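Quick notes on the structure that follows.
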Amino acid sequence: MQKKIKDIIIAFDGHSSCGKSTLAKQVAKELNYTYIDTGAMYRAVTYWAIKNNFVQNKNINVEALKSSLKNIEITFQKDDTGKQSTFLNGENIEKQIRSLEVSNSVSYISELDFVRKKLVALQQAMGKNKRIVMDGRDIGTVVFPNAELKIFMTADVDVRAQRRYKELIEKGESVQFEEVKANIEQRDKIDQNRAISPLKKADDAIVLDNSRLTRQEQFEKVMNLIYEKFSIK
Ligand code: DC
């Protein structure tokens with residue numbers, strides 16, 4: 001029988017490609033909570049910016065993006081197979097937002113204050129009734145500084161690059177390992193050093209380094225922690 005826990009907010013933050021969303025999804029499913037992938041929201045805005053030609057290499061037409069942002073509606077819905085997917089103005093863009101093209105520009109888009117303002121407000125509204133698992137970079141520090149449980153995830157960069165490379169190859173993308181690793185290092189660097197809401201561990205977050213853990217091991221570790229701290233007797 002499933003154990004009962006209090007209604008809480010669980011925040012997963014951490015470095016790029018260390019499996020935050022996989023673990024957050026597993027935890028949400030186990031608890032029957034809503035899962036929100038905030039990276040997908042920044043990726044959706046990036047996809048929109050690319051599609052509208054607001055991005056040329058690292059140059060972003062900030063004013064054009066700013067004035068068009070009101071036309072964006074990002075939602076999470078189930079696709080035909082029942083998988084939770086990201087929709088932009090009613091279009092399923094789940095596959096497009098995972099491309100290396102979007103990955104290469106997303107950190108520049110997520111540095112913009114007006115983009116963060118809009119997405120953080122949306123995320124806070126999604127969590128107002130608790131029972132939510134949210135993953136990102138600033139969830140425990142900015143979006144929900146009072147979240148009951150904060151996990152900060154990390155892993156060796158080579159382990160992360162290998163996992164992400166395998167995933168992209170399996171999806172049929174033609175990429176090189178070195179290119180994937182460079183993208184991860186570059187994103188970590190920008191995410192940690194940006195002026196607004198940089199990636200950093202909240203003081204009260206628990207660090208989870210999964211370099212040498214299987215998915216099952218990390219899942220059990222987190223579930224034990226949740227039941228230990230939040231079970232209703
Ligand atoms: O989690 P992800 O790799 O899909 O996120 C894509 C990018 O979005 C990441 O490089 C940084 C940015 N991001 C952010 O700035 N704040 C968040 N809460 C989530 C993601």
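Laboratory data are not the source of any read-out in this text; all were calculated from the coordinates shown. Only a predicted model underlies this, so the values are computations on that prediction, with no experimental measurement involved. With ideal geometry, Cβ positions are generated from the backbone for all residues, glycine too; neighbour counts draw on all protein chains shown.
What the table shows:
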{"read-out": "Cut-off 13 Å between beta-carbons: net charge of the residues surrounding residue 66, Lys and Arg +1, Asp and Glu -1", "value": "+2"}
{"read-out": "Stretch gain in nm, segment residue 166-residue 84, where the contour uses 0.36 nm per residue and the Cα spacing is subtracted", "value": "27.3 nm"}
{"read-out": "GNM flexibility winner over the chain from 181, 66, 201 (Cα, springs under 10 Å)", "value": "66"}
{"read-out": "Net charge of Cβ neighbours under 12 Å - reference residue 77; Lys, Arg +1; Asp, Glu -1", "value": "-3"}
{"read-out": "Global form of the range 106-225, assessed from the alpha-carbon gyration tensor, a/c cut-off 1.5", "value": "oblate"}
{"read-out": "Potential lengthening between residue 52 and residue 178 on full extension [0.36 nm per residue; Cα-Cα distance subtracted]", "value": "42.4 nm"}
{"read-out": "Cα-based convex hull, the chain, per residue volume (Å³, whole number)", "value": "131 Å³"}
{"read-out": "Residues residue 193 and residue 99, FRET efficiency given R0 of 22 Å [Cβ-Cβ distance, rounded to 0.05]", "value": "0.35"}
{"read-out": "Potential extension, residue 76-residue 5 segment - 0.36 nm per residue separation minus Cα distance", "value": "23.1 nm"}
{"read-out": "126, 41 arranged by Cβ crowding within 10 Å, fewest neighbours leading", "value": "126, 41"}
{"read-out": "Backbone N under 13 Å from the residue 200 label point (7 Å along Cα→Cβ), restricted to the range 139-183", "value": "141-142"}
{"read-out": "Share antiparallel - DSSP beta bridges, the chain, percent rounded to 5", "value": "35 percent"}
{"read-out": "Long pairs among 78/201; 95/117; 166/221; 25/58; 4/83, criterion Cα-Cα beyond 30 Å", "value": "78/201; 25/58"}
{"read-out": "Listed residues 90, 19, 172, most fluctuating in the chain (Gaussian network, C-alpha, under 10 Å)", "value": "172"}
